[in-house]
1. When both residues are 6+ apart or on different chains and their Cβ atoms are under 6 Å apart, which pairs have a first residue that lies in the range 52-67 and is free of Cβ contacts under 8 Å to residues at least 24 places away in the same chain, and a second that is surrounded by fewer than 20 Cβ atoms within 10 Å (Cβ to Cβ)?
2. Could you please let me know if CYS59 is surrounded by fewer than 19 Cβ atoms within 10 Å (Cβ to Cβ), in a helix (DSSP H, G or I) and on the phi > 0 side of the Ramachandran plot?
Amino acid sequence: MNPLGHPAENVPLQGRYDGLPGLLGGSTAIPYTTVNMTPEPPKDHIIWSLCCFLYSNPCCLGLAALIFSIKARDRKVAGDLEGAQHYGSTARCLNIWATVLVSILVLITIITAIIVLVQANKVIRDHSGYSPYDFNYRG
């Protein structure tokens, strides 16, 4: 903490300080506490799997994801965190594929519906004789 060339200085504290009680010679040792933190348990993605199974189940990917999520939860309860991580990762991958496939299908459906409506509107306009650019039309 001290820059090079500047030695640390002993600066006495104001007032009387005899050190921590129970320490010999007035040593100024600082007590510390060690906290053991357990790693976060692996995720099983059960809610995402349920949503994919109920709302978007292309090629049964939602069902497969749900099965792997349940296996991951079982492994986690049994204490096999490595197995739970493996099954949870597989469930996550299947959920991603199911979500992407359904998103693409919904996007294609919306684009197709827009194209069909525009074409139908064009056909109706062509057969009715109405043109939005005809200023002499008095329908």
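The values are calculated or read from the model by the stated rules, or taken from the named source; none is laboratory data. Computed from a prediction, not measured in an experiment: that's the story for all the values here. Glycine also receives a Cβ, built like all others from the backbone with ideal geometry; neighbour counts cover every protein chain displayed.
1. PHE53/LEU63
2. Working: surrounded by fewer than 19 Cβ atoms within 10 Å (Cβ to Cβ): yes; in a helix (DSSP H, G or I): yes; on the phi > 0 side of the Ramachandran plot: yes.
Judged against the criteria, CYS59 is a match.
Yes/no matrix, rows are residues, columns are (1) in a helix (DSSP H, G or I); (2) under 22 Å from GLY62 (Cα atoms); (3) at pLDDT below 95; (4) touching a Cys at 6+ places or on another chain (Cβ under 7 Å):
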position	(1), (2), (3), (4)
GLU82	yes, no, yes, no
TYR87	yes, yes, no, no
ALA91	yes, yes, no, no
ASN95	yes, yes, no, yes
ILE104	yes, yes, no, no
LEU107	yes, yes, no, no
ILE110	yes, no, no, no
ILE114	yes, no, no, no
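Residue-wise test of (1) at pLDDT 95 or above; (2) surrounded by 10 or more Cβ atoms within 10 Å (Cβ to Cβ).
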{"position": "MET37", "(1), (2)": "no, no"}
{"position": "PRO42", "(1), (2)": "no, yes"}
{"position": "ILE67", "(1), (2)": "yes, yes"}
{"position": "ASP134", "(1), (2)": "no, yes"}
{"position": "ARG138", "(1), (2)": "no, no"}
